[in-house]
Number of protein chains: 4
Amino acid sequence: MPGSCFGEFLTVSTFGESHGTAVGVVVDGVPPGLELSIDDIQRDLDRRRPGQSLVTSARRESDRAELLSGLFEGRTTGTPIAIVIRNEGHRSSDYERLREAFRPGHADWSYQAKYGIRDWRGGGRASGRETAARVAAGAVARAILAGRGITVTGYALEIAGIRAGRIDLAAIEANPVRCPDPEAARLMERAIAEAKDAGDSVGGVVEVLADGIPAGLGDPVFDKLEALLAHATLSVGAVRGFEIGSGFGAARMRGSVYNDELYAEDGRVRSRTNHAGGVSGGISTGERLVVRCAIRPPASIARSQRTVTGAGEPVEIAIGGRHDPCIVPRAVPVLEAMVALVLADRLLAQAAISQPLDRDVQGRPAAGTSHRPPPPAPNGR
Amino acid sequence: MPGSCFGEFLTVSTFGESHGTAVGVVVDGVPPGLELSIDDIQRDLDRRRPGQSLVTSARRESDRAELLSGLFEGRTTGTPIAIVIRNEGHRSSDYERLREAFRPGHADWSYQAKYGIRDWRGGGRASGRETAARVAAGAVARAILAGRGITVTGYALEIAGIRAGRIDLAAIEANPVRCPDPEAARLMERAIAEAKDAGDSVGGVVEVLADGIPAGLGDPVFDKLEALLAHATLSVGAVRGFEIGSGFGAARMRGSVYNDELYAEDGRVRSRTNHAGGVSGGISTGERLVVRCAIRPPASIARSQRTVTGAGEPVEIAIGGRHDPCIVPRAVPVLEAMVALVLADRLLAQAAISQPLDRDVQGRPAAGTSHRPPPPAPNGR
Amino acid sequence: MPGSCFGEFLTVSTFGESHGTAVGVVVDGVPPGLELSIDDIQRDLDRRRPGQSLVTSARRESDRAELLSGLFEGRTTGTPIAIVIRNEGHRSSDYERLREAFRPGHADWSYQAKYGIRDWRGGGRASGRETAARVAAGAVARAILAGRGITVTGYALEIAGIRAGRIDLAAIEANPVRCPDPEAARLMERAIAEAKDAGDSVGGVVEVLADGIPAGLGDPVFDKLEALLAHATLSVGAVRGFEIGSGFGAARMRGSVYNDELYAEDGRVRSRTNHAGGVSGGISTGERLVVRCAIRPPASIARSQRTVTGAGEPVEIAIGGRHDPCIVPRAVPVLEAMVALVLADRLLAQAAISQPLDRDVQGRPAAGTSHRPPPPAPNGR
Amino acid sequence: MPGSCFGEFLTVSTFGESHGTAVGVVVDGVPPGLELSIDDIQRDLDRRRPGQSLVTSARRESDRAELLSGLFEGRTTGTPIAIVIRNEGHRSSDYERLREAFRPGHADWSYQAKYGIRDWRGGGRASGRETAARVAAGAVARAILAGRGITVTGYALEIAGIRAGRIDLAAIEANPVRCPDPEAARLMERAIAEAKDAGDSVGGVVEVLADGIPAGLGDPVFDKLEALLAHATLSVGAVRGFEIGSGFGAARMRGSVYNDELYAEDGRVRSRTNHAGGVSGGISTGERLVVRCAIRPPASIARSQRTVTGAGEPVEIAIGGRHDPCIVPRAVPVLEAMVALVLADRLLAQAAISQPLDRDVQGRPAAGTSHRPPPPAPNGR
């Protein structure tokens, strides 16, 4: 597969360039009969949309999603769901000057090396705009998970070196940086404003939690749950690192500390600590899933930078246009979407393993006699 | 795919349990005509083998690889290469007592939750022994890369909190912990010995470099090179975190620092720094690839630990047998193998994109007339 | 993958229902730099469009394709090409009466059994309308093949038991049934008209040829070229049988007759007969590719038929609306598209096998020194 | 994937050359807890084995299967099952003379064109010997199907133009040609003997039935059940054509005849005829599955044939060695295996679609409260 497709059971194929006609996604493998509306999708898109506050890009995009297929009378039918989001607010003229130069920190040079051709307007396919399609797909995944009582929540754990001191999930959407610690949020906002004033940008860390995951999801060996989650989150352009549970901290622990002590509670196996982050041997334990992603500072900055053109000429460039001084707040719904897509995919995958032999093809109790071979039809066989 | 297969163009399927008959791997997609011998494979297997030194498990396994297919007269034929490594040194009796208990830090509980059945002898499929098959496959990948001048080198960057102060690649294989800093290596050895004496275990960080990668490998969007590398390395059981380039450090940099300045040299685009770790927008830049993996302390420790049985009874267990007090040195060849597999896979993938129209199916210059439609054959069409 | 995706290197994902908002397709893996325009796509769509003549459905659809992504300045960029075709001429009211009944010969019952829900308007996803998306994708595949001198041509070999006596490729598009024998074409037209007058429908056989295929395409074992072609063509709803070369005729030949005698001509290996149909051991021989597909008579007929409702009640139904009395002529461009998609996919696949070691990532001669490891960047590695 | 792998949920990877060390297969995705023994596999292998009677090759192979992994205490564990069959009876010397010549009807030339290298001993990977691995995998698939009451039965419908007049399933294994009509069987045996005496070979038609399939298996669009079955069966080297249900006969029927009339019986929807062969719109109807495959005469014949060498020199060859004058009887278990693999794969696939929301990961009734989010663990999240 050439790279624009993700998932095995719940598959997403995204398309579209930053300054082309539209971005969009086809989501296939959605179980039939699920209630779903365009509003479920629009809600998450609005969280990713630019122009939400002073800490995000001023590019104006209404990001209106249009559903082209896969629903009938308010329910999914099991067929592919196509969603298109037309591009509106792009100003290619902002990029005209940059046509020849490879922007530092951007993928201009590597795309040119790979394809020998590139849509230089706004980064084309490498633009963060592609993630709108992921968020739309993630909303479908969330609807699948909701039916099993699984929720996915992300937040800014750290921005510009400022770390949340406490995790109050109710506080996340109440501040523009999506930080679960209101006090840290204020400091983060200020740090972003300072970087912006200096024509610069800052990074941070997003943490994503998932609750309600049954024990037993994920596959051993190459498709361990953490491997799929790392794949999914590192496929988001700005992510440079990934941790599950104690992550790099585990490298400095002793086994006697790291090993989560197990106990039984209400007939379930639980662990007293969760250094494993909800996954053991690649398979969910039933404890809370905890992953963290390092987000780099955005590449587009107003300050002057040295680089080269395609012809090898050294140049200095300052990137105008309307760019995010910090991508962390908008990365939160994107990373939630990627985690939700992995979990929904594995939830469907698990069904193939636990295939109940006493169930019919729609998962209803199978009458013992219903699958008996029918007598030969009149044409002899 | 049910999880035991990896790669798209160069695919590996591993099989086998720790205490079963054998572990092994089928490698498919290897280009034809490549010189390859069992010695190439055995060399890497010997680096992963237990019983190499005091810092590794005393389990004795000769780990002799047998080649079953895919070679003819010393060269690959383009058909699948099957490699089998028979199990020898296992002592299932070591595990008999642990049959009922879920070992803390191990995948006993999550496997049981997933499958409802498990081979409890030595961890079965979740055992690190499965990685022998990966190392064998990685040796095949290395041979493909070598033909393009690409090398992959890993080492212990940190063990038990002790970090290498300098990177002398020549020093790596000269000490039992595979550390590129001989002085740090001595401290690491001592720390491992102390942990072992305390019936405990320690973790660390492995860094893997790859040199000689051409610009243009990797795919945009979901199959970014760093996403595939994260998937590959986090699929190794003990890995809990992944970084590319500056990794989590990037989260605290400003854009003006993080962005690697580009310049031209000998007709190539180069960067003065390499915070990106050799990948931009998911595609290789031509600079050195740099990834780091957090390795947790091994789960099997001699100290007594509290846990539960399958019946929910609390028990205390102390794990005997012959276990590694630190897995970092043996993880080095495993992670090198995973990085090599990803790079070889993407090298083959790139050919489909750059498909030279002036080449025939074997990559030789195509005579313009050689593909003209032949005249109809006697049967009319 | 949930069934709406096809291909490995050149992948197509179709979406959309007969009476929904739109049908469409995402084509990924298209090599960059290929000249392509909406007209190339529209041309093939117009050949499949309903309302072309008296032998096809009177449903009026302009079938205007809109390109949403993947092109820049008239060339492909290597990114996904999304194409949307909005539905216009549907009259769901035609189907209102059929809401409860399972139409004989249609997929109403099997879809209901599978999903427990279905879009009953015009067959939903099971409608032949989905093939418009395939034809659009096929036009992209044709453009790839054209660059290698490969052409794909289909025609009605047989309709209603009337078989073409001679194969004049120039005659195909000159008659409404797409038959290469003008005389047989007239008889076929008449037979279709008679069936239509009787409120009935007829089937036939489509033959597809491909010329200019180099020897060496296709893969051994499970992905033999004929296996992929059979998969591709039998995925078209009306196809009930497939043959390559002599097909079922080969079952009655002796080996001494069937074996194609080989000889050398202009430095190429040729065969005097072509019973193999251009494929041997799953791999193209360089001779003309010849496949045939059996097309069933359309299920929707005006004559009264007995069937049951979802509640199990017996009913009689006569299907009104505007239906094709014979689908063969419109199946021709659809089957050409499927054959073109397989050939383009395998053309790209072959590049991964023949990966020229002396070529860079864009297929240009690689300077021996250009991939040497660069000196360590300032951050130490 | 490079062609040696098949299936999505139940995946098989075969390896091995005719005259190499061994052939074998890795089967992944087998549900855990299934009773399985080496005898189940050996039974089917023995039906494919050469040397069974005068109508098959005299090559002596015991075809002893060895199980390397995936079973524990007589049951599957959900991990990959590796099976190896060592080669014994090969005499490479038989082929030494053929080293330079491209045998007519064989894949010598196309393999050479593809890979530029080939194992010329006995056809290497293109040999029918590879199908032993498929039969072993098919035995695993059969065990999965048996648990759901699904059976797969194949037989020689036609050999050398002689067609079975009646279908007595009990008669199949009672004659060496596996024909369900004992009288026709005798004529077939004689025809094979005559061809052999003439240094020639004959083909035929294999029909495979499957009973007990629930309605709802298979996927719409590209992965229709008949498309997967055609892919599976045409991937067997000798197969040149495929039909489902009425097949090519459907091309000459009118819609009013072809459409299977539906009725209700015991709460199930049934059809009075089965022209559809058990599949409608790509999805099983619950009626008997009926497919037919055209088998070409074997390429290796004793009669002298004209061909060319790799150097382009014309030569005459007569192929000695021990070859089957008719492959149809031995193709029966191979085609049964391929049909069983497709059905088992789709049975597992269907579970992902019908994912019962009231079931836990092992398919047991889920307690409403069991998946509630646990309280945060002591490390804060």
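The values are calculated or read from the model by the stated rules, or taken from the named source; none is laboratory data. As the structure is a prediction and not an experimental result, all values here were calculated from the model. So basically every Cβ, Gly included, is an ideal-geometry build from the backbone, and we count neighbours across all protein chains shown. When the accessible area is computed, the model is the full protein with side chains, heavy atoms only, and any ligands, DNA or RNA have been set aside. Shrake-Rupley method; radii C 1.70, N 1.55, O 1.52, S 1.80 Å.
Part of a strand (DSSP E or B) and crowded, with 16+ Cβ neighbours inside 10 Å: does that describe D:Val205? Answer is yes for this residue. Summed over segment A:158-211, the residues that are out of contact with any strand residue (DSSP E or B) (no Cβ under 6 Å at 6 or more places or on another chain) and at positive phi give a count of 2. Here C:Glu17 does not qualify as out of contact with any Phe, Trp or Tyr (no Cβ under 7 Å at 6 or more places or on another chain), surrounded by fewer than 24 Cβ atoms within 10 Å (Cβ to Cβ) and not aliphatic (A, V, I, L, M).
Per-residue answers, yes or no, for (1) modelled with pLDDT under 95; (2) of a type in the set (Val, Ile, Thr); (3) within 21 Å of D:Val135 (Cβ to Cβ); (4) open to solvent by 10 Å² or more (accessible area, probe 1.4 Å):
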| site | (1), (2), (3), (4) |
| --- | --- |
| D:Gly154 | no, no, yes, no |
| D:Ala160 | no, no, no, yes |
| D:Arg178 | no, no, yes, yes |
| D:Asp181 | no, no, no, yes |
| D:Ile192 | no, yes, no, no |
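Which residues, taken from segment B:117-148, are open to solvent by 10 Å² or more (accessible area, probe 1.4 Å), of a type in the set (Gly, Ala, Ser) and farther than 25 Å from A:Leu225 by Cβ? Passing the criteria: B:Ala143, B:Ala146, B:Gly147.
Residue by residue, here is whether (1) more than 7 Å from chain C (Cβ to nearest Cβ); (2) free of Cβ contacts under 8 Å to residues at least 60 places away in the same chain; (3) part of a strand (DSSP E or B) holds:
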{"position": "D:Val236", "(1), (2), (3)": "yes, no, no"}
{"position": "D:Ala251", "(1), (2), (3)": "no, yes, no"}
{"position": "D:Ala264", "(1), (2), (3)": "no, yes, yes"}
{"position": "D:Asn274", "(1), (2), (3)": "yes, yes, no"}
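Has segment C:277-289 got any residue that is at the interface with another protein chain (Cβ under 7 Å from one of its Cβ atoms) and closer than 30 Å to D:Ala264 by Cβ? Checking segment C:277-289: not a single residue is at the interface with another protein chain (Cβ under 7 Å from one of its Cβ atoms) and closer than 30 Å to D:Ala264 by Cβ. Among the residues of segment B:178-224, those that are charged (D, E, K, R), away from chain A (no Cβ under 14 Å) and free of Cβ contacts under 8 Å to residues at least 40 places away in the same chain comprise B:Asp181, B:Glu183, B:Arg186, B:Arg190. Beta carbons closer than 9 Å, at least 6 apart along the sequence or on distinct chains, pair a first residue in segment A:285-306 that is free of Cβ contacts under 8 Å to residues at least 40 places away in the same chain with a second that is assigned to a loop (DSSP other than H, G, I, E, B) and not hydrophobic (A, V, I, L, M, F, W, C) for A:Glu287/A:Asp260; A:Glu287/A:Asn274; A:Glu287/A:Gly277; A:Glu287/A:Gly278; A:Glu287/D:Pro374; A:Ser304/A:Gly199. Considering the conditions (1) open to solvent by 10 Å² or more (accessible area, probe 1.4 Å); (2) touching a Gly at 6+ places or on another chain (Cβ under 9 Å), B:Val25 is excluded by exactly one of them, (1). Among the residues of this structure, C:Ala227 counts as one that is in contact with a His (Cβ under 6 Å, 6 or more places away or on another chain), in a helix (DSSP H, G or I) and facing chain D (nearest Cβ under 9 Å).
Note on segment C:79-89: among residues that are assigned to a loop (DSSP other than H, G, I, E, B) and within 10 Å of chain A (Cβ to nearest Cβ), the one that is surrounded by the most Cβ atoms within 10 Å (Cβ to Cβ) is C:Thr79. Scanning segment B:158-167 for residues that are more than 17 Å from A:Arg254 (Cα to Cα) and under 22 Å from the mean Cα position of the chain (by Cα) yields a total of 2.
Scanning segment B:336-351 for residues that are at the interface with chain A (Cβ under 9 Å from one of its Cβ atoms), open to solvent by less than 20 Å² (accessible area, probe 1.4 Å) and modelled with pLDDT of 95 or more turns up nothing. One residue stands out in segment A:246-278 among those that are within 22 Å of the chain's Cα centre (by Cα) and either open to solvent by less than 10 Å² (accessible area, probe 1.4 Å) or β-branched (Val, Ile, Thr) (or both): the one that is farthest from B:Gly203 (Cα to Cα), namely A:Gly278.
Within this structure, C:Val221 passes the test of being of a type outside the set (Asp, Glu) and over 22 Å from the mean Cα position of the chain (by Cα). Name the residue that is most open to solvent (accessible area, probe 1.4 Å), counting only residues in segment B:28-44 that are within 12 Å of another protein chain (Cβ to nearest Cβ) and of a type in the set (D, E, K, R). Step by step, filter segment B:28-44, then rank; the result is B:Glu35. Candidates B:Ala132, B:Ala113, B:Ala156, B:Ala136: the one that is touching a helix residue (DSSP H, G or I) at 6+ places or on another chain (Cβ under 9 Å), assigned to a helix (DSSP H, G or I) and within 14 Å of chain A (Cβ to nearest Cβ) is B:Ala132. Only residues that are among the acidic types (Asp, Glu) and either open to solvent by 20 Å² or more (accessible area, probe 1.4 Å) or within 14 Å of another protein chain (Cβ to nearest Cβ) (or both): list them for segment B:45-72, please. B:Asp46, B:Glu66 - these are the residues of segment B:45-72 that are among the acidic types (Asp, Glu) and either open to solvent by 20 Å² or more (accessible area, probe 1.4 Å) or within 14 Å of another protein chain (Cβ to nearest Cβ) (or both). I'd like to check something: does segment C:207-221 contain any residue that is under 30 Å from C:Gly124 (Cβ atoms), among the small types (Gly, Ala, Ser) and at pLDDT 95 or above? For segment C:207-221, residues under 30 Å from C:Gly124 (Cβ atoms), among the small types (Gly, Ala, Ser) and at pLDDT 95 or above: absent.
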